[in-house]
2 protein chains.
Amino acid sequence: MADARLQRLQLEMEREATDLVALLPGANLTYLSGLSFHLMERPVVALIPRVGLPALVLPDLEAAKLTASRIPFIPFPYGEDETSRSGAFLAMVKRMKVGALKVAVEYRRMRVLELRLLEKAAPQMTTGEADPLLARLRMIKGPAESDAMREATRIAERAFEQTLPAIRPGVSELEIAAELTLQTLRSGSDSELPFAPIVASGPNAALPHALPGERRLQAGDLVIVDWGAAHRGYISDLTRTVAIGTVSDELILVYETVRRANQAGREASRPGATAGEVDAAARAVIVAAGYGERFIHRTGHGLGLEAHEEPFIREGSDVRLEPGMTYTVEPGIYLTGVGGVRIEDDVLITAGGAESLSVYPRELRVISG
Amino acid sequence: MADARLQRLQLEMEREATDLVALLPGANLTYLSGLSFHLMERPVVALIPRVGLPALVLPDLEAAKLTASRIPFIPFPYGEDETSRSGAFLAMVKRMKVGALKVAVEYRRMRVLELRLLEKAAPQMTTGEADPLLARLRMIKGPAESDAMREATRIAERAFEQTLPAIRPGVSELEIAAELTLQTLRSGSDSELPFAPIVASGPNAALPHALPGERRLQAGDLVIVDWGAAHRGYISDLTRTVAIGTVSDELILVYETVRRANQAGREASRPGATAGEVDAAARAVIVAAGYGERFIHRTGHGLGLEAHEEPFIREGSDVRLEPGMTYTVEPGIYLTGVGGVRIEDDVLITAGGAESLSVYPRELRVISG
C-alpha cells in the first residue's frame, strides 16, 4: 500500500470526494499497477476505493498476471460461462460496498459492456467521469517518464533517417509506411507501436488522418509522414513533410508558414503559459499568412502512455502548463485537392522553459525526382 | 442505397424490429461502409435507420474521408469546441427522429463517452445490444473475404518460417517478437498488424496471454509463438510451440496431447455441427490424457476483420456452423511454473466440410541447444 501512484490517486479521490474509481485495461490501469491487458470480449475491471485495497474482476486465464502487479488487488476471477462472470461482478461490487455510490468511470475507455455488467451487479450505483482525475496525475511526468519519451523520440528519428532512401518517386505510400514500421522496430521501439504511420502524398496530404494507400509518389508532391515509436510504454509522435522534385511556389510558401507556426508554438511553451496561448501563437502565424481556414485542427495534444492525452493544445484552453507536461506542437495547412503540410514536434515543459524532445531538422527536404 | 451489406443490415433490423443501430469506428462500421477511423477522443458515431439513409457525426477534420464511403451518409460534422460537438449530436438525433426509440449499440465498442453524448441529445432513448445482429452478418464470409484470410494466413506462415533462425538459446522473447513483427511486414502484411506477437518461453508459456519479456530461451524450454498477419483488413491468427534442446518427457506428452486435440477440433468442424461440438472434440482428447483442468480456455474464436469475433468455439455453444464461417482451433495445456503448449489453426467451414487455412507443420520442431 506504500505505492506512490496509488497514494496520489487516493489523495485526489479524497480531495474531490470520489468514493470509487473503475478502471479498464489501458493506460490508466497500466500507470497505476504496471499491468497490461488487452481490451477484448472478456471484461477486466478494477475498482479502486478512496481508502483500502483495490479489487479486480478478470478472466481466470489472466489471473496469473496479477503476480506482476505493483500494487495488490483483491482478485475476482471468472470462468468461461456468463454465470461465473456475473457472479464475479456481484462479489466484487458487494465486497467494495458499491451500493448507491457514485463510481467514477473512464468515459473514453469503459464500454457499454462493462457499464451494463456493473449496473446489473449494483443497480443503485451512479456514474461520474474519472478521466480528468487520472489525467491530472498522468499529465505531470517524472524524470523516468520523460527519459523514456526522449528515448522513444530518438528511436523515431533514427527510423525516419533510415527510411529516407525509400521515399522517392514511384514508391507507394503503403510501401513507405511498411518500411518506416520496419525501421522503427529495428531502431529499438517496443514491439507494440503507438499507431500505424501515416504517409500521405500529393492531394492525399490534404486529409490530416489519411491512411497510406496505393498512390505512388511523383514529382511535385508534398508528402506528410506522421509516425511514432514507443519505449517502455511511453511514446513519441512526430511529423515531417518532404518535397518530391519541384513543388509549386504556393506549396513552398505553405511549408514555410507551417514551419514558422511550429516554431512559434514551441517558443510559446513555458511554465505558466496556457495551452490556449501555445495554440494561439502557432495559429497566429497561419492566420497572418491567410491560411487560417486551412488549419483545421488544434495545435497539439498531450503525449505519454497514450498518443492522445491531456493537455490538449487547443483554442481557448486555460490549462496552465507546468514542468513535466509533454505534448505535441503540430500545426498544419490543408489545401483540398492540392496537398498539405504538417510539422510535428514533441515538447517537454521544464522549470526554465521547454525542451523539444524531437530535434530532427525542420527545413524543407527536397528529394530529387 | 443498393449496397448489399446495408440492405442485409436493414433487412435484419426489420426482422427483429430494431429501429436504429449506432456504430462506432471499428470492424462493424468498416464492414458496412469501408470507412476506417481511429477510436480516439473525438467521437464518431453512425446511426443506421431501418429504412433510409444513415447519418454520421464526425469531426470536421475527418469529413473529407466520407468521399471514400461505399454508402452515403448524411454528415453531421463538428469543430474543436464542445458546443459544436453537442450541436452535431443534437442535429443528428433530431434528423433521425431518435425520440424514445431503442437504439441498438455495440456493447463491445461504444464507450461511456458516446453513450452519454447520445443520451444527452435524446434523453428518452433506451439502448439494446447491436453486437449479435452485426455478428450474424459478419460471421458468414463471402469468397473475397475468405480469399483475403487465406492470403493473411500465407503471409503469417512465411513470416514464421523467416523468423525460425532467430529462435535459439540465448535470444530473448522480446527479440524474437520484434523479428517476427519485422518478418510479418516484410512478408506483405497490412501495416497495421492484428495484434502484437506473443512469445512465451519456459514457465512463461504457462500464461496464455503472456507478453514477451526479457527472458532468454534455454535448453529444456517449450516456446509458444502466437502471431498473425492482415491482408485487406482481414486477419490470420496462428500459434506454434517449439522445443529448445531436450525437453522433459512430460512436456513431450503434453505436446502430443495438444496436437491430437487440435486435430480433433479441426476434424469435428463441418456444416451442421455446433461450435460446442468442436470444443468438446478437442477437449475430450485433453481430458482423456488427464489434463482437463489445465486447458483453461475455450477451444477457439471467430476470425475476420477482428481477431476475436463470432462464432466462439466454447463449451456448450449451440451455434450451428455454416459454410463461410471462419474460426481458430487452439487447444492448450498450461502447467504453472513449468511450461505450456498451444497449437492454433484457422479453419473455414466449406459446403463439404472444413478447410484449414493454415497448413504450417504441427509436428514438434526441436531446435538444438
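The values are calculated or read from the model by the stated rules, or taken from the named source; none is laboratory data. Remember, it's a predicted structure, so these values are computed and weren't measured experimentally. Positions of Cβ are backbone-derived with ideal geometry, glycine not excepted, and every protein chain shown enters the neighbour counts. Each accessible area value is taken on the protein alone, full model and side chains, heavy atoms only, with ligands, DNA and RNA left out. Shrake-Rupley method; radii C 1.70, N 1.55, O 1.52, S 1.80 Å.
One table, with the values for the structure above:
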{"read-out": "Residue among A:GLY228, A:GLY233, A:GLY188 that is more than 9 Å from chain B (Cβ to nearest Cβ), within 23 Å of the chain's Cα centre (by Cα), within 24 Å of A:ARG150 (Cα to Cα) and surrounded by fewer than 22 Cβ atoms within 10 Å (Cβ to Cβ)", "value": "A:GLY233"}
{"read-out": "Boolean, B:ALA130 is open to solvent by less than 20 Å² (accessible area, probe 1.4 Å) and more than 14 Å from chain A (Cβ to nearest Cβ)", "value": "no"}
{"read-out": "Residue identified as in the same structural domain as B:TYR234 (by TED's automatic domain parsing), of a type outside the set (D, E, K, R) and out of contact with any helix residue (DSSP H, G or I) (no Cβ under 9 Å at 6 or more places or on another chain) among B:ILE313, B:ILE252", "value": "B:ILE252"}
{"read-out": "Unmet requirement for B:HIS301, which otherwise passes all of (1) free of Cβ contacts under 8 Å to residues at least 40 places away in the same chain; (2) over 25 Å from B:GLU161 (Cα atoms)", "value": "(2)"}
{"read-out": "Segment B:317-328, subset within 18 Å of A:GLU41 (Cα to Cα) and within 14 Å of another protein chain (Cβ to nearest Cβ), residue farthest from the chain's Cα centre (by Cα)", "value": "B:SER317"}
{"read-out": "Tally, over segment B:9-25, of residues that are within 26 Å of B:GLU62 (Cβ to Cβ), more than 22 Å from the chain's Cα centre (by Cα) and in a helix (DSSP H, G or I)", "value": "2"}
{"read-out": "Single match in B:VAL98, B:VAL103 (criterion: assigned to a loop (DSSP other than H, G, I, E, B), open to solvent by less than 10 Å² (accessible area, probe 1.4 Å), in the same structural domain as B:LEU58 (by TED's automatic domain parsing) and not aromatic (Phe, Trp, Tyr))", "value": "B:VAL98"}
{"read-out": "Residue in segment A:258-275 that is within 14 Å of chain B (Cβ to nearest Cβ), in a helix (DSSP H, G or I) and either in contact (Cβ under 8 Å) with a residue 24 or more places away in the chain or not β-branched (Val, Ile, Thr) (or both) present", "value": "yes"}
{"read-out": "Close pairs (6 angstrom Cβ cut-off, 6 or more residues apart or separate chains): of a type in the set (D, E, K, R) in segment B:234-245, assigned to a strand (DSSP E or B) anywhere", "value": "B:ASP237/B:THR328; B:ARG240/B:VAL225"}
{"read-out": "Meets criteria (within 16 Å of B:HIS231 (Cα to Cα), of a type in the set (A, V, I, L, M, F, W, C) and open to solvent by 20 Å² or more (accessible area, probe 1.4 Å)) for B:ALA148", "value": "no"}
{"read-out": "Enumeration of residues in segment B:1-53 that are among the aliphatic types (A, V, I, L, M) and in contact (Cβ under 8 Å) with a residue 60 or more places away in the chain", "value": "B:MET1, B:LEU6, B:LEU9, B:MET13, B:LEU20, B:VAL21, B:ALA22, B:LEU23, B:LEU24, B:ALA27, B:LEU39, B:VAL45"}
{"read-out": "Residues satisfying the stated conditions in segment B:322-347, i.e. hydrophobic (A, V, I, L, M, F, W, C) and either closer than 21 Å to B:ALA130 by Cα or open to solvent by 10 Å² or more (accessible area, probe 1.4 Å) (or both)", "value": "B:MET325, B:LEU335, B:VAL338"}
{"read-out": "The listed residue being more than 7 Å from chain A (Cβ to nearest Cβ) and either surrounded by fewer than 23 Cβ atoms within 10 Å (Cβ to Cβ) or in a helix (DSSP H, G or I) (or both), out of B:ALA219, B:ALA196", "value": "B:ALA219"}
{"read-out": "Options A:GLU293, A:GLU250; residue that is farther than 26 Å from A:THR163 by Cα, of a type in the set (Asp, Glu), surrounded by fewer than 21 Cβ atoms within 10 Å (Cβ to Cβ) and within 14 Å of chain B (Cβ to nearest Cβ)", "value": "A:GLU293"}
{"read-out": "Any hit, segment B:72-82, residues being assigned to a helix (DSSP H, G or I) and within 11 Å of chain A (Cβ to nearest Cβ)", "value": "yes"}
{"read-out": "Matching residues, segment B:151-179, being within 13 Å of chain A (Cβ to nearest Cβ), of a type in the set (Gly, Ala, Ser) and buried (at least 19 other Cβ atoms within 10 Å of the Cβ)", "value": "B:ALA159, B:ALA177, B:ALA178"}
{"read-out": "Matching option when the condition is surrounded by 15 or more Cβ atoms within 10 Å (Cβ to Cβ) and under 27 Å from B:GLU114 (Cβ atoms), among A:LEU6, A:LEU58, A:LEU66", "value": "A:LEU58"}
